[in-house]
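K.L.:
Submitted below is the structure of interest, expressed as structure tokens.
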There are 2 protein chains.
Amino acid sequence: MTNTHLTAPTRFVEIDGDRFAYRRWGNRKTEQPPLFFLQHFRGGMDHWDPLITDGLSEGREVILFNGRGVASSSGTPRTRIEQMADDAAAVIRALGLNVVDVLGFSLGGFQAQDLTLRHPALVRKLMLLGTGPRGGNPDPDPGVLDAAPRPVPTVEDFLFLFFGRSESARQAGLAFWERRHQRMEQDHASSPAVIQAQIEANMYYLAKLDLKEPFKHLREIKQPTFILNGSNDVMIPTINSWYMAQNIPNAQLFIYPDAGHAAQYQYPERFLKHAIQFLDEE
Amino acid sequence: MTNTHLTAPTRFVEIDGDRFAYRRWGNRKTEQPPLFFLQHFRGGMDHWDPLITDGLSEGREVILFNGRGVASSSGTPRTRIEQMADDAAAVIRALGLNVVDVLGFSLGGFQAQDLTLRHPALVRKLMLLGTGPRGGNPDPDPGVLDAAPRPVPTVEDFLFLFFGRSESARQAGLAFWERRHQRMEQDHASSPAVIQAQIEANMYYLAKLDLKEPFKHLREIKQPTFILNGSNDVMIPTINSWYMAQNIPNAQLFIYPDAGHAAQYQYPERFLKHAIQFLDEE
């Protein structure tokens, strides 16, 4: 039987004493390398959208995982993005892979950029969703500081943080919320230590290393790159996607209307077509 | 026999004493309304890309035309964008159509916006390529002021004005140049009077009508809108596409890398897929 987002078993790979949880399924009979997913702040394997992971898995394998200490992975949570990126590279290699496509969402997009810069030979194509560059514009909407770190986020927090403001955006958010809870066997939530460690990593990442040319490091990303955000991301301001697209030499930029941080979950069918076109392009 | 870009006959429709040239072909057996094309500064029906017009014509009819006084159309060239937009509306109605999709490129994108604002019921969906809003950022690259008004533009002028700076961008530009010269029966070039009139129209269009909220008129565009530019448009700075996407409520923004004003001609296959997805979307 073929696995899906709802049935793929959680497996573990051990790296220097810690066990990293992952799930891997999809079509192995294509020329496309596996697509490796890097998750947002606090999130784990269960926070992806089954419609998107399964849609993408028709043309390639997809691999979800939890970073060190995140949800069902063991170990001390990492406090720097570059360490998380190195862990991701180690997991990719431990799975026997020499090259993957990488999709990073939000904090996962930070990791995806560092993974690409620090391990360029591992990455064929790069997808950056609802994210920003090292040294980017860090000014979120004031409401974010209340909602994002709340110990148990409500669905209203979630809709505010991830979706647009219209009624149809809200309905799309609720539809995603249902989809992402369809899987029966779900990981436990990340610990408070993960939240603390990722806040620290985020803070270091947003510091500008070069005040005159804060984004010059992006010019070293040679991979074909897909950048998506909603028109008004309250967490990582949308202008950061513009900065990435202006500095990564081979980046396509997509902005969806009436949407925020999770534009891909608000318009999953639109996103799937754009993503597949990008991944399949010569 | 089915017509194509290369074979569609030039026809004329008369409106208050002037004869407007047009060409119309494509698939009439779909639910999609015809796609009406509005051309850039100086250009006429022969300046479109056959690969794109024919590709789009597989799923709908396409209609090219020359504005009043442009190339093979008779009459005194218009000196205001809003007049050009009203002429386009008159031509659409004279062709017996109640609703169309509209694709405007550069100065044609100015007209497309005014057409949509002044005749909203005529327009189902709007595509804006290499263009900007009324009151937008008017600062082109200094090289443009030499190249754009030259009486007979050279291919090098054209590559500088429309394409990216890399060798592959140059090759894509030359490939477009070949495609657009494939049709045997081509219009004569627009007269110096057209150039003069369109420069005047351009100047009036770029003036800011409201210094505090120069783009508030864009919020009245309710149609699904597709906005595309290259990452560095030397004629109409790319940031104008960002402004349009931030203010037109239902606009998707696409930016292609290593490209300029004519991103759609540099990546015609990519553009065709994105455009068809947009036009076919529910």
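The values are calculated or read from the model by the stated rules, or taken from the named source; none is laboratory data. Remember, it's a predicted structure, so these values are computed and weren't measured experimentally. Reconstructed Cβ throughout: ideal geometry from the backbone, glycine too, with neighbour counts over all protein chains shown. Ligands, DNA and RNA are stripped out before the accessible areas are found, and what is left, the full protein with its side chains, is counted by its heavy atoms. Shrake-Rupley method; radii C 1.70, N 1.55, O 1.52, S 1.80 Å.
K.L.:
Using a Gaussian network model on chain A with a 10 Å cutoff between Cα atoms, which of A:G75, A:G230, A:G260 fluctuates the most?
P.N.:
Per the Cα network of chain A with a 10 Å cutoff, A:G75 tops the list.
K.L.:
Calculate the spin-label point distance for A:D157 paired with B:N250, positioning each point 7 Å from the Cα along the beta-carbon direction, and give it in nanometres.
P.N.:
3.4 nm
K.L.:
Before rounding to the nearest 500, sum -39500 (n - 2.57) across all DSSP H runs of length at least 4 in chain B and divide by the residue total; then give [θ] at 222 nm in deg cm²/dmol. It would help to have the intermediate numbers written out before the result.
P.N.:
Numbers: 10 runs with 101 residues, N = 282.
Counting only the DSSP helices, I get -10500 deg cm²/dmol.
K.L.:
Going by a ≥ b ≥ c, the root eigenvalues of the Cα gyration tensor, does region B:1-144 fall in the rounded group (a/c under 1.5), the prolate group (a/b larger than b/c) or the oblate group? Please list the in-between numbers first.
P.N.:
On the way: a/c = 1.41, a/b = 1.32, b/c = 1.07.
Note, shape of region B:1-144 comes out rounded.
K.L.:
Here's a follow-up. Along Cα→Cβ at 7 Å, what distances in nm separate the B:P140 label point from those on the other copies, shortest first?
P.N.:
In nanometres, ordered from closest: 4.3.
K.L.:
Please list B:S191, B:S241 from largest to smallest accessible area, probe radius 1.4 Å, with all protein chains kept in place.
P.N.:
Working: B:S191 45, B:S241 0 Å².
Largest accessible area first, the list is B:S191, B:S241.
K.L.:
In nm, to one decimal, how far is the B:A175 label point from the B:I199 one, both placed 7 Å along Cα→Cβ?
P.N.:
3.5 nm
K.L.:
Springs between alpha-carbon pairs under 10 angstrom, Gaussian network model over chain A: which of A:R68, A:R19, A:R11 fluctuates most?
P.N.:
A:R11
K.L.:
Sticking with this structure for a sec: At 7 angstrom along the Cα-to-beta-carbon line, where would the label on A:H181 sit relative to the other copies? Give the distances in nm, shortest first.
P.N.:
For A:H181, the inter-copy label distances come out at 6.4 nm.
K.L.:
7 Å along Cα→Cβ for the label point: how many nanometres lie between B:E200 and each equivalent label in the other copies, listed shortest first?
P.N.:
List, nearest first: 6.9 nm.
K.L.:
Same structure again: Sort region B:85-217 into rounded, prolate or oblate with this rule: let a ≥ b ≥ c be the square roots of the eigenvalues of the Cα gyration tensor; rounded if a/c is under 1.5, and if a/c is not under 1.5, prolate when a/b is larger than b/c, oblate otherwise.
P.N.:
On the way: a/c = 1.77, a/b = 1.28, b/c = 1.38.
Oblate.
K.L.:
Return the FRET efficiency for the residue pair A:K29, A:L117: r is the Cβ-Cβ distance, R0 is 35 Å, and the value is rounded to the nearest 0.05.
P.N.:
0.65
K.L.:
Just to verify a number: FRET efficiency for B:E282 and B:K222, C-beta to C-beta distance, R0 = 22 Å, to 0.05?
P.N.:
On the way: r = 16 Å, r/R0 = 0.73.
Approximately 0.85, to the nearest 0.05.
K.L.:
Cα gyration tensor of chain A, axes a ≥ b ≥ c as square roots of the eigenvalues: rounded (a/c below 1.5), prolate (a/b > b/c) or oblate? Each step should come with its number before you reach the end.
P.N.:
Details: a/c = 1.15, a/b = 1.07, b/c = 1.07.
It is rounded, given that a/c, with a ≥ b ≥ c, falls under 1.5.
K.L.:
List the residues, sorted by chain then number, that are 5 or more residues from A:S190 or on another chain and whose placed amide H is less than 5 Å from its amide H.
P.N.:
Excluding prolines and chain starts, which carry no amide H, the hits are A:A71.
K.L.:
Using the beta-carbon distance between A:L97 and B:Q182 and R0 = 51 Å, what value does 1/(1 + (r/R0)^6) give for FRET efficiency, to the nearest 0.05? Don't skip to the answer; put the middle values down first.
P.N.:
Working: r = 45 Å, r/R0 = 0.89.
For R0 = 51 Å, the calculated efficiency reads 0.65.
K.L.:
Compute the distance in nm between two label points, each set 7 Å from the Cα along the Cα-to-Cβ direction, one at B:D139 and one at B:R124.
P.N.:
4.1 nm
K.L.:
Any chance you could look up the accessible area of A:W48 with a 1.4 Å probe, heavy atoms only, rounded to 10 Å²?
P.N.:
Around 10 Å² of this residue is reachable by solvent.
K.L.:
With springs connecting C-alpha atoms under 10 Å apart, model chain A as a Gaussian network and identify which of A:F105, A:F65, A:F41 has the largest mean-square fluctuation.
P.N.:
Fluctuation is largest for A:F41.
K.L.:
Specify which residue in the list B:L103, B:A8, B:N27 is farthest towards the positive end of the charge dipole of region B:1-149, using unit charges on the beta carbon of Lys, Arg (+1) and Asp, Glu (-1), about the Cα centre.
P.N.:
Checked the options; the winner is B:N27.
K.L.:
Just to verify a number: what accessible area does B:D101 come out at with the full protein assembly present, 1.4 Å probe, Å² rounded to tens?
P.N.:
Roughly 0 Å² of B:D101 is accessible to a 1.4 Å probe.
K.L.:
Given +1 on the Cβ of Lys and Arg, -1 on the Cβ of Asp and Glu, and no further charges, what dipole in debye does chain A carry about its Cα centre, rounded to the nearest 20? Please report the intermediate quantities before stating the final value.
P.N.:
Numbers: 29 positive and 33 negative charges, 91 e Å.
So the dipole magnitude of chain A works out to roughly 440 debye.
K.L.:
State the three equivalent ellipsoid semi-axes of the protein assembly as shown, derived from the C-alpha gyration tensor as the square roots of 5 times its eigenvalues, in descending order and whole Å. Mind dumping the intermediate values first?
P.N.:
Values: eigenvalues 422, 105, 99 Å².
The three semi-axes for the protein assembly as shown are 46, 23, 22 Å.
K.L.:
While we're on this one: Over the heavy atoms of B:E156, what accessible area does a 1.4 Å probe trace out, to the nearest 10 Å²?
P.N.:
Solvent-accessible area, nearest 10 Å²: 90 Å².
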